[in-house]
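Below is one structure, written out as structure tokens, with a few remarks after it.
Please treat every number below as a calculation from the coordinates, not as lab data. Here the structure is a predicted model, which is why all the values come from computation and not from measurement. No Cβ is skipped: glycine too gets one built from the backbone with ideal geometry, and neighbour counts run over all protein chains shown.
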Amino acid sequence: MGMHSLSIDDWLLVDEHRDADLAYKAELLERARPVVFAAEPGSEPASAELLEAVREWLASHGASVAEAVGDEHPLIEAARLVQEDLAVLQLVDGHWVLTAGVVAFPTHWTVSDKVGLPLEGIHAPVAHYETELRERVDRFHDRLTVDRPAWRRNWFVLPTSELHLPAFGHRLHVADGITDDGRPMWIRSERQTLRRLPESDAIVFTIRVQQAPLGVLRARPDLAAKMLAATRSWDREKRMYTATGGVLGELIQWLANAADVD
């Protein structure tokens, strides 16, 4: 799973892209709300607790906090304040269930397809989830405590810098190959955190997408080598799950060149 302990001080990230990211999220909530927001009845109290936690964190870190709209679901209010996507998991009949989510910047999934599902349903498309990860993920959620939040990171290489990539309409393909400077490929990394809330006992899952052109690896052969080793290790199931624009073989060769290895 690659989980690491996390200080509450580092729970969220605020950077120079905040205004643009929040404006894009607001646009998506306006024109594509059924795609980026879904909630089960009864999710409001946990979402309201999350909203308060978000407002407190931003205020304590010197970030501006807009006034509440007042008639929105509290998770939407929280999502309007942060660059992260937000999901609320609650224990229902012994299973951790996704009860609410604002996911404006997904990587090939859609929150409305997942709300109401337990962890195993949410992660069903993930390569090797049932055989290698399910029990570990369930156990991790059960043991997560209020004072011990955690984080992990994953990554993709995709032929676009578009943030909003829901499950439909975005199976991208590279027509002309990868240039020496890495175009049109982008490294898309998700910084994910898990935090348990003290009053509702819900778990908050945040996802922050960070991106860079693939070409930056020309100056970081060490990172290119690590990504090369990872992509070469993928089996058929993993290769089918991880979209790379249909040019995985070419990407592997590009990474080998950047890492200066055979």
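Please find, in a Gaussian network model of the chain (springs between Cα atoms separated by less than 10 Å), the residue of 64, 47, 161 whose mean-square fluctuation is greatest.
Fluctuation is largest for 64.
Along the stretch 220-233, what does the Karplus equation 6.51 cos²θ - 1.76 cosθ + 1.60 (θ = phi - 60°) give for ³J(HN,Hα), rounded to whole Hz, x for Gly and Pro?
With coefficients 6.51, -1.76 and 1.60, one gets 9, x, 5, 5, 4, 5, 5, 5, 4, 4, 5, 5, 5, 7 Hz.
Could you list which residues have their amide H under 5 Å from that of residue 92, counting only those 5 or more apart in sequence or on another chain, with H placed in the peptide plane?
97
With θ set to phi - 60°, apply the Karplus curve 6.51 cos²θ - 1.76 cosθ + 1.60 along the stretch 36-41 and write out the HN-Hα couplings as whole Hz, x wherever there is a Gly or Pro.
In residue order, the calculated couplings are 9, 9, 7, 8, 8, x Hz.
About its Cα centre, what dipole magnitude does the chain give when the only charges are +1 on Lys and Arg Cβ and -1 on Asp and Glu Cβ, stated in debye to the nearest 20?
Roughly 800 debye, rounded to the nearest 20.
Can you sort 156, 205 by how many other beta carbons sit within 10 Å, fewest first?
Exposure proxy ranking, most exposed first: 156, 205.
Per residue of the stretch 77-84, what does 6.51 cos²θ - 1.76 cosθ + 1.60 with θ = phi - 60° give for ³J(HN,Hα)? Whole Hz please, x for Gly and Pro, Karplus curve as stated.
4, 5, 5, 5, 9, 10, 6, 6
Under 10 Å, Cα contacts only: if you run a Gaussian network model on the chain, which one of 223, 251, 197 comes out with the highest mean-square fluctuation?
For the chain, modelled as a Gaussian network with Cα springs under 10 Å, the answer is 223.
Could you grab the relative contact order for the chain? Cα pairs under 8 Å, six or more apart, rounded to a whole percent.
20
Which angle from 0 to 90°, rounded to the nearest 10, does the C-alpha axis of helix 18-31 make with the longest principal axis of the chain?
Relative to the chain, helix 18-31 is tipped by roughly 70 degrees.
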